[in-house]
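A short reminder: the numbers here are calculations on the coordinates, not readings from a lab. Predicted, not measured: the structure shown is a model, and the values here were computed from it. In this analysis, Cβ positions are derived from the backbone assuming ideal geometry, glycine residues included, and neighbour counts consider all displayed protein chains.
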């Protein structure tokens with residue numbers, strides 16, 4: 001009963017919280033990157049409060065990973081689900097290129113491609129193929145994120161698949177999730193050593209670890225497994241918001257003077 005009282009977030013509330021934090025974080029980081037295109041580390045020289053808000057965007061990916069695994073179980077038609085992801089990944093990519101083509105070139109693909117490949121990896125894992133064939137297909141899905149240079153490459157597919165495999169095993173699921181989180185956060189932080197002040201490196205590592213852990217707690221402790229009050233509207237809103245928020249941030253950037261750093 002005590003645990004049930006904590007389950008106060010339905011599916012849509014979880015997603016609204018996630019995309020809200022994502023939007024704030026992206027608003028800060030993308031505007032900085034667009035205003036300082038030749039300085040890839042500019043965001044790490046922001047004031048502490050702005051840097052922490054930027055890092056809060058990391059709450060969103062684990063939540064979306066969780067709901068891809070969740071969606072596999074509950075969707076009526078998995079092929080249509082995959083096709084829908086592919087369509088919106090393509091739409092989003094047009095917005096991505098419009099905003100970031102000059103900075104990142106053609107090779108950088110958006111995170112919805114990673115979500116799609118994560119779903120395909122679950123479908124492969126649950127197929128009737130032999131184990132070695134399943135593993136091979138999962139590796140191909142993961143490799144595709146690298147070839148596409150999509151956001152959360154390598155790790156996104158693994159997070160999604162592990163959340164699915166250990167769905168009904170809370171302790172192993174938590175351990176695997178934290179292992180992947182530490183590995184991802186550690187690699188990203190090590191890449192900063194020597195380029196940003198040591199204190200900033202520590203702040204980034206701890207804040208990313210905190211946000212990723214908070215996302216897991218929301219998914220497993222506070223999420224009640226129920227739909228929101230307007231599931232149809234919410235479903236299409238979430239699909240539309242991701243490409244739309246590229247343009248919102250781009251318009252805000254055009255309306256702003258150059259962002260001052262610390």
Full extension between residue 143 and residue 84 adds, at 0.36 nm per residue less the Cα distance, a length in nm of 19.1 nm
Taking a ≥ b ≥ c as the square roots of the eigenvalues of the Cα gyration tensor, with a/c under 1.5 meaning rounded and otherwise prolate when a/b exceeds b/c and oblate if not, segment 172-251 is oblate
In this structure, the FRET efficiency calculated for residue 132 and residue 195 from their beta-carbon separation, with R0 = 30 Å, to the nearest 0.05, is 0.15
In degrees, nearest 10, the alpha-carbon axis of helix 111-125 is tilted away from the dominant principal axis of the alpha carbons of the chain by 20 degrees
For 227-235, 85-93, 38-46, ranked highest to lowest by mean beta-carbon neighbours within 10 Å, the order is 85-93, 38-46, 227-235
With 0.36 nm assigned to each residue of separation and the Cα-Cα distance removed, residue 213 to residue 236 gains 5.5 nm
To the nearest 10 degrees, the tilt of helix 131-148 (Cα long axis) against the first principal axis of the alpha carbons of the chain is 20 degrees
So the angle from the long Cα axis of helix 231-255 to the longest Cα principal axis of the chain, reported in degrees to the nearest 10, equals 10 degrees
Sorted on mean Cβ neighbours within 10 Å (highest first), peptides 161-173, 122-134, 60-72, 21-33 come out as 60-72, 21-33, 161-173, 122-134
With the 8 Å Cα cutoff and a minimum separation of six or more residues, the chain has a relative contact order in percent of 33 percent
Placing each pseudo-label 7 Å from Cα in the direction of the beta carbon, residue 174 and residue 255 end up separated by a distance in nanometres of 4.4 nm
Once residue 38 and residue 206 are pulled to full extension, the length gained, defined as 0.36 nm per residue separation minus their Cα-Cα distance, is 57.8 nm
